[in-house]
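Worksheet: one structure, shown below.
The values are calculated or read from the model by the stated rules, or taken from the named source; none is laboratory data. Note that the structure is predicted; figures quoted are calculated from it, not measured. Quick reminder, even Gly has a Cβ in these numbers, built from the backbone with ideal geometry, and neighbours come from all protein chains shown. All accessible areas refer to the heavy atoms of the entire protein, side chains included, with ligands and DNA or RNA removed. Shrake-Rupley method; radii C 1.70, N 1.55, O 1.52, S 1.80 Å.
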There are 2 protein chains.
Amino acid sequence: MGRRSTHTPQQLRELILDAAQDIINVHGLAGLSAREIARRIGYSPGTIYNMFDNLDDVVLHVEARVLDALDKRLSDTLQGEGGADARVVRIAHAYLAFTQEKPRLWNLLFEHHMPAGSDLPAWYQQKLEGLMGHVERALAPHFPAGREADLQRASRVLWAGVHGITSLSTADKLSVVTTETAGRLIDDLVGTYLAGLPSPT
Amino acid sequence: MGRRSTHTPQQLRELILDAAQDIINVHGLAGLSAREIARRIGYSPGTIYNMFDNLDDVVLHVEARVLDALDKRLSDTLQGEGGADARVVRIAHAYLAFTQEKPRLWNLLFEHHMPAGSDLPAWYQQKLEGLMGHVERALAPHFPAGREADLQRASRVLWAGVHGITSLSTADKLSVVTTETAGRLIDDLVGTYLAGLPSPT
DNA sequence: ATGCCATGGGACGACGGTCGACGCACACAC
DNA sequence: GTGTGTGCGTCGACCGTCGTCCCATGGCAT
């Protein structure tokens, strides 16, 4: 089997990631297989292992795309007007909207674990910190200079809180939580938490 | 292959669940297979399908055990003394402690999805509501009679918030969150949220 | 024309789930 | 107590699928 050269390696990598992302978006991580990717792009399973270490590696790169999409989504919401609190609420709702539009892709970020012994790559952690940065910037007006530690903590608490609500909601494990009320729970969380923050003066 | 009669069907079911729980506790859901269970209990894979519909069914029953263990854990923490707020904090920390002691079993509750088309059984939802009930009872002093809807919402928000913190923390996806600081984030969440609640008068 | 090496077809072991055949343990007759 | 029949719990071979890896192949640079 000689070189085909109908696609450059770079094109091939993107073909594989496109196919993998589409499969996960429709059928979830469980529906992903090297063979299904190969079928869709008209190559054999072996080719995938030429371009990636293994399926986990493919999944990790799909996760990178999802993180980028989520980052773009949050960035876009920050363009609008409104006070500091309104921006926090907007970010939270943008996160919720993303999880509802692409539930399987978003779920991927949490249902996929690294094989034992290997940590998340550094670039992955950096993307996470970039996302957190949006929250920190929106929350900054609540904290005077010199309280960066408090700002960081509050950002993580709100981020994790919103994540918890959407997570349990999409898994249908909050009992009685419908799509509509997930938004209200987020409003409650953000509103009450911000109200409980020590005054910024 | 005749009847062995060394175990009653009930014993056999528990043998299977014991083995499955142990495998998941050590190797995670991905390490679970019908054959591995069979190897451990000295039966053939076919026997497992005699006692359970399929592997998902086995997993669901392991989840039931985990939910029961979590419920017992939370119940125990409510025996102690302390004001209303202290009890809320204690529940939250009990939840965190459980997730840290049995991270894979706890993760099981969220990484295992029902096969498409089938919902969670009613008894599962009831166990979830039982857990939520602990939070509601601890939070009740903050809400006057007649505000049950607000109480329910606040309970779900706090529950989901704590869940989000532990979830991102054990997945190592909060960046910079160590075991120690997960507890502090929970303290911050509960403290600030309770402070932001309208006064109960 | 030559030879290098990227390539992908196919082999391998293990998986979930099914099912027919087997043979033990018990009920019953005596 | 002994013998016998049989129901049903159990096994393990089977099917289609999986992730991964190897190496014969044959296009491309020289």
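Residues in the range A:29-75 that are within 30 Å of A:TRP159 (Cα to Cα) and over 15 Å from the mean Cα position of the chain (by Cα): A:ALA30, A:GLY31, A:LEU32, A:LEU55, A:ASP56, A:ASP57, A:VAL58.
For the range A:140-168, which residues satisfy the criterion of being farther than 22 Å from A:ALA86 by Cα and in contact (Cβ under 8 Å) with a residue 40 or more places away in the chain?
Residue satisfying the conditions is A:SER167 alone.
Would you mind finding the one in A:ALA64, A:ALA20 that is within 19 Å of A:LYS127 (Cβ to Cβ), at pLDDT 90 or above, more than 8 Å from DNA strand D (Cβ to nearest atom) and within 14 Å of another protein chain (Cβ to nearest Cβ)? Spell out the reasoning first.
Details: A:ALA20 fails: within 14 Å of another protein chain (Cβ to nearest Cβ).
Result of the check over A:ALA64, A:ALA20: A:ALA64.
Selection within the range A:104-121: residues that are open to solvent by 40 Å² or more (accessible area, probe 1.4 Å) and more than 11 Å from chain B (Cβ to nearest Cβ). The member of this set that is farthest from A:ARG73 (Cα to Cα) is A:GLY117.
To keep it simple, each residue is scored yes or no on (1) open to solvent by less than 30 Å² (accessible area, probe 1.4 Å); (2) aromatic (Phe, Trp, Tyr); (3) over 28 Å from B:ALA20 (Cα atoms).
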position	(1), (2), (3)
B:PHE52	yes, yes, no
B:ARG65	no, no, no
B:LEU70	yes, no, no
B:GLY82	no, no, yes
B:ASP85	no, no, yes
B:VAL89	no, no, yes
B:TYR95	yes, yes, no
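Put simply, of A:ASP76, A:ASP56 the only residue that is surrounded by 12 or more Cβ atoms within 10 Å (Cβ to Cβ) and away from DNA strand C (no atom under 11 Å from the Cβ) is A:ASP56. Highlighted here are the helices (runs of 4 or more DSSP H) found entirely within the range A:24-117 that include at least 3 residues which are within 26 Å of B:ASP56 (Cβ to Cβ): A:34-41, A:55-77, A:103-111.
Say we look at the range A:23-61 and pick out the residues that are aromatic (Phe, Trp, Tyr) and under 24 Å from A:PRO115 (Cβ atoms); which of these is farthest from DNA strand D (Cβ to nearest atom)? Walk me through how you get there before you give the answer.
Going residue by residue through the range A:23-61, those that are aromatic (Phe, Trp, Tyr) are A:43, A:49, A:52.
Filter once more, so that each one left must be under 24 Å from A:PRO115 (Cβ atoms): A:49, A:52.
Numbers: A:TYR49: 5, A:PHE52: 8 Å.
Restricting to residues being aromatic (Phe, Trp, Tyr) and under 24 Å from A:PRO115 (Cβ atoms), the top hit is A:PHE52.
Inspect the range B:80-87 for any residue being small (Gly, Ala, Ser) and touching a residue at least 60 places away in the same chain (Cβ under 8 Å) and give the result as yes or no. Reasoning before the result, please.
Looking only at the range B:80-87, we keep the residues that are small (Gly, Ala, Ser), and these are B:80, B:82-84, B:86.
From what is left, the residues that are touching a residue at least 60 places away in the same chain (Cβ under 8 Å) are none.
No; the residues of the range B:80-87 include none that is small (Gly, Ala, Ser) and touching a residue at least 60 places away in the same chain (Cβ under 8 Å).
Scan the range A:154-175 for residues that are at the interface with another protein chain (Cβ under 7 Å from one of its Cβ atoms) and farther than 20 Å from A:ASP71 by Cα and the total you get is 6.
Among the residues of the range B:30-50, those that are open to solvent by less than 40 Å² (accessible area, probe 1.4 Å) and among the aliphatic types (A, V, I, L, M) comprise B:LEU32, B:ALA34, B:ILE37, B:ALA38, B:ILE41, B:ILE48. For the range B:127-139, which residues satisfy the criterion of being free of Cβ contacts under 8 Å to residues at least 40 places away in the same chain and either more than 9 Å from every other protein chain (Cβ to nearest Cβ) or among the acidic types (Asp, Glu) (or both)? Hits for the range B:127-139 are B:GLU129, B:GLY133, B:GLU136. Scanning the range B:140-150 for residues that are outside any helix (DSSP H, G or I) and either within 12 Å of chain A (Cβ to nearest Cβ) or surrounded by 16 or more Cβ atoms within 10 Å (Cβ to Cβ) (or both) gives a single hit, B:PHE143. Criterion applied to A:TYR124, A:TYR193 was being more than 22 Å from B:PRO198 (Cβ to Cβ) and in a helix (DSSP H, G or I), and the one residue passing it is A:TYR124.
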